[in-house]
1. Being surrounded by fewer than 16 Cβ atoms within 10 Å (Cβ to Cβ) and either assigned to a loop (DSSP other than H, G, I, E, B) or more than 13 Å from the chain's Cα centre (by Cα) (or both) is the filter here; which residues of segment 158-174 pass it?
2. Could you say which residue among Tyr139, Tyr155 is surrounded by fewer than 17 Cβ atoms within 10 Å (Cβ to Cβ), among the hydroxyl-bearing types (Ser, Thr, Tyr), in a strand (DSSP E or B) and at pLDDT 95 or above?
3. Check off (1) buried (at least 16 other Cβ atoms within 10 Å of the Cβ); (2) within 30 Å of Ala59 (Cβ to Cβ) for Ile103 and give me the number that stays unchecked.
4. Cβ-Cβ below 8 Å, separation at least six or inter-chain, first residue in segment 153-175 and among the hydroxyl-bearing types (Ser, Thr, Tyr), second part of a loop (DSSP other than H, G, I, E, B): which pairs?
5. Please enumerate the residues belonging to segment 76-91 that are in contact (Cβ under 8 Å) with a residue 24 or more places away in the chain and surrounded by fewer than 20 Cβ atoms within 10 Å (Cβ to Cβ).
6. Among the strands (runs of 3 or more DSSP E) confined wholly to segment 55-107, which include 1 or more residues that are out of contact with any strand residue (DSSP E or B) (no Cβ under 9 Å at 6 or more places or on another chain)?
Amino acid sequence: MKRIGTVWSAAWLLTLGACLLLLSGAVRAQTDQDQGDLTRDWNLRIGMFIPQMHATRAASSTVGLSAIAERTVYRAPQWDLNIGIGYNGTTDIYAVPITATGIVHVNNLRYGFGAGYAFGRRIGGGGFTGATILLLVGYQFTHGRNPLSADLRYYFVTGTDDELDGYSLTIGMQF
């Protein structure tokens with residue numbers, strides 16, 4: 001029961017952080033000053049993480065939290081390059097991947113590949129660091145000022161004996 005409460009606490013903190021980002025954007029909109037590039041092109045995603053290994057699901061939870069904050073650093077007509085940080089797991093077993101992800105847009109479909117570095121905690125409680133690779137397939141629901149999309153990502157995390165490999169299903173919005 002403690003694990004569920006902690007996951008919900010993390011979800012509330014992420015929601016609060018997203019609200020603060022939105023509030024700061026609304027306040028900046030009231031001024032006439034140019035605030036620079038860091039205030040645009042942020043993607044916030046939240047959803048669920050399902051570990052691939054049965055041992056991980058048995059030791060913690062069948063479904064965990066997946067949250068990603070990433071920024072589009074390069075935009076081309078058919079693809080984007082994003083840099084981001086995420087969280088996949090539960091309170092006891094988790095990975096924090098820092099990745100660069102290329103996303104190709106074909107009509108409303110999204111395909112991508114990412115690579116980076118991850119750190120976190122394994123089943124036995126020990127920490128780890130290692131490389132991470134992700135594959136992405138998604139769908140863009142809306143276009144315009146704040147587009148909404150859904151992504152299914154699969155993370156391969158080294159240094160964990162596949163304990164933190166798994167699926168991330170998220171809904172996200174760009175700000």
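1. If the condition is that a residue be surrounded by fewer than 16 Cβ atoms within 10 Å (Cβ to Cβ) and either assigned to a loop (DSSP other than H, G, I, E, B) or more than 13 Å from the chain's Cα centre (by Cα) (or both), then Asp161, Asp162 are the ones that fit.
2. Working: Tyr155 fails: surrounded by fewer than 17 Cβ atoms within 10 Å (Cβ to Cβ).
The unique qualifying residue is Tyr139.
3. Unmet condition: (2).
4. Once the first residue is among the hydroxyl-bearing types (Ser, Thr, Tyr) and sits in segment 153-175, its partners that are part of a loop (DSSP other than H, G, I, E, B) give Tyr154/Asp165; Tyr155/Leu164; Tyr155/Asp165; Thr160/Arg122; Tyr167/Gln52.
5. Residues of segment 76-91 that are in contact (Cβ under 8 Å) with a residue 24 or more places away in the chain, as a first pass: 78-80, 82, 84, 86-91.
Correct list: Gln78, Trp79, Thr91.
6. Fully inside segment 55-107 and qualifying: 94-106.
The values are calculated or read from the model by the stated rules, or taken from the named source; none is laboratory data. Keep in mind the model is a prediction, meaning the values are calculated, not measured. Counting neighbours? That spans all protein chains shown, and the Cβs are built from the backbone with ideal geometry, glycine included.
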